[in-house]
Amino acid sequence: MSGEPCEELTLRAVPGVPLVEPGDDLAAILADALDRAHLALRDGDVLVIAQKVVSKAEGRYVDLAAITPSERAGELAVEVAGDPRLVEVILAQSSRVLRHAPHVLVVEHRLGFVMANAGIDRSNVAPTAGTEPVLLLPADPDGSAEALRADLAARTGRRIGVIISDSFGRAWRRGTVGVALGAAGLEALRDLRGQPDLYGRPLQVSETGFADELAAAASLLMGQADEGFPAVLISGLPPTDGSVSPARALLRDPARDLFR
């Protein structure tokens, strides 16, 4: 159940978040950055965190130099004009390939996301001598969000929400937008069915991707290149009844997907 309509939100990029390395305490890093910027968390705030820094802290790297591609990966690499080693990693992270075209594989990720190249990324991933690292998604984005939420709540005493966001392309529309890969402490999917419209008629099918809306708003400050703002604090959301749902609630059941 959603709260009252929101009349004003405040979105603030959290400055001073350092480069994150495997094994880093990401909650401590974020708490320190918030303190240095004099951004105090309040009950009901939502912290949106870029997937990339979560994956880096969790050490979700694969070294392409150590990958031996399979025959299937080699064949697909020819069709998509790609690196067969990268195709092998994409296949390993996917339950099936849905579409492919030059330079892109649209797959169903093991986590259920339908996305390009299984979310594997090379941008802003620093190589070291003799390696060719790529970065995978977190193994459990909702679990990662919950761990960060619990740790930040223990440090601050505040009841907040956490969203782990990534950039997705969309069918039928150009351009990427921020979406929620993981969420904790908030209602990722809001079911408005049964609530009245302006004329008192009950809504029949309305559901809103609340976590996706917040992730998209935060991406305006995060940027997509070298902006260096991997965390955005959202304040001013109206109180809710306390309902929560994870980001996986946003995934459409394949049996009800008319286009897959």
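The table below gives the values:
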item: Failed condition for L137, given (1) assigned to a loop (DSSP other than H, G, I, E, B); (2) surrounded by fewer than 14 Cβ atoms within 10 Å (Cβ to Cβ); (3) touching an Asp or Glu at 6+ places or on another chain (Cβ under 8 Å); result: (2)
item: Sole exception among (1) in a strand (DSSP E or B); (2) crowded, with 21+ Cβ neighbours inside 10 Å; (3) touching a Ser or Thr at 6+ places or on another chain (Cβ under 8 Å) for E108, by number; result: (2)
item: Tally, over segment 207-237, of residues that are in a loop (DSSP other than H, G, I, E, B) and under 18 Å from M115 (Cα atoms); result: 2
item: Contacts under 6 angstrom Cβ, first residue in segment 238-255 being under 14 Å from V114 (Cβ atoms), partner surrounded by fewer than 12 Cβ atoms within 10 Å (Cβ to Cβ) and of a type outside the set (K, R), 6 or more apart; result: none
item: Check on V125, in contact with a Lys or Arg (Cβ under 9 Å, 6 or more places away or on another chain) and assigned to a strand (DSSP E or B); result: no
item: Matching option when the condition is buried (at least 22 other Cβ atoms within 10 Å of the Cβ) and over 19 Å from E21 (Cα atoms), among R155, R149, R159, R173; result: R149
item: Identity of the residue in segment 140-162, outside any helix (DSSP H, G or I) and of a type outside the set (G, A, S), that ends up farthest from S243 (Cα to Cα); result: D140
item: Some residue of segment 243-258 being surrounded by 11 or more Cβ atoms within 10 Å (Cβ to Cβ), part of a loop (DSSP other than H, G, I, E, B) and modelled with pLDDT under 80; result: no
item: Residue that is modelled with pLDDT of 95 or more and within 29 Å of V17 (Cα to Cα), where the choices are L220, L237, L233; result: L233
item: Restricting segment 163-204 to residues that are charged (D, E, K, R) and in a loop (DSSP other than H, G, I, E, B), the residue that is modelled with the highest pLDDT; result: R201
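Residue by residue, here is whether (1) within 19 Å of G185 (Cα to Cα); (2) assigned by TED's automatic domain parsing to the domain that holds N117 holds:
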site	(1), (2)
P15	no, no
L30	yes, no
A33	no, no
G44	yes, no
S55	no, no
G74	no, yes
V78	no, yes
A81	no, yes
L86	no, yes
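Yes or no, residue by residue, for (1) at pLDDT 95 or above; (2) of a type in the set (G, A, S); (3) within 24 Å of M222 (Cα to Cα):
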position	(1), (2), (3)
V46	yes, no, yes
E58	yes, no, yes
T68	yes, no, no
A77	yes, yes, no
A81	no, yes, no
R85	yes, no, no
V89	yes, no, no
P102	no, no, no
G130	no, yes, no
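The values are calculated or read from the model by the stated rules, or taken from the named source; none is laboratory data. Just so it is clear, the structure is predicted and the values come from calculations on it, not from any experiment. A quick note on method: Cβ atoms are made from the backbone with ideal geometry, for glycine too, and the neighbour counts reach across all protein chains shown.
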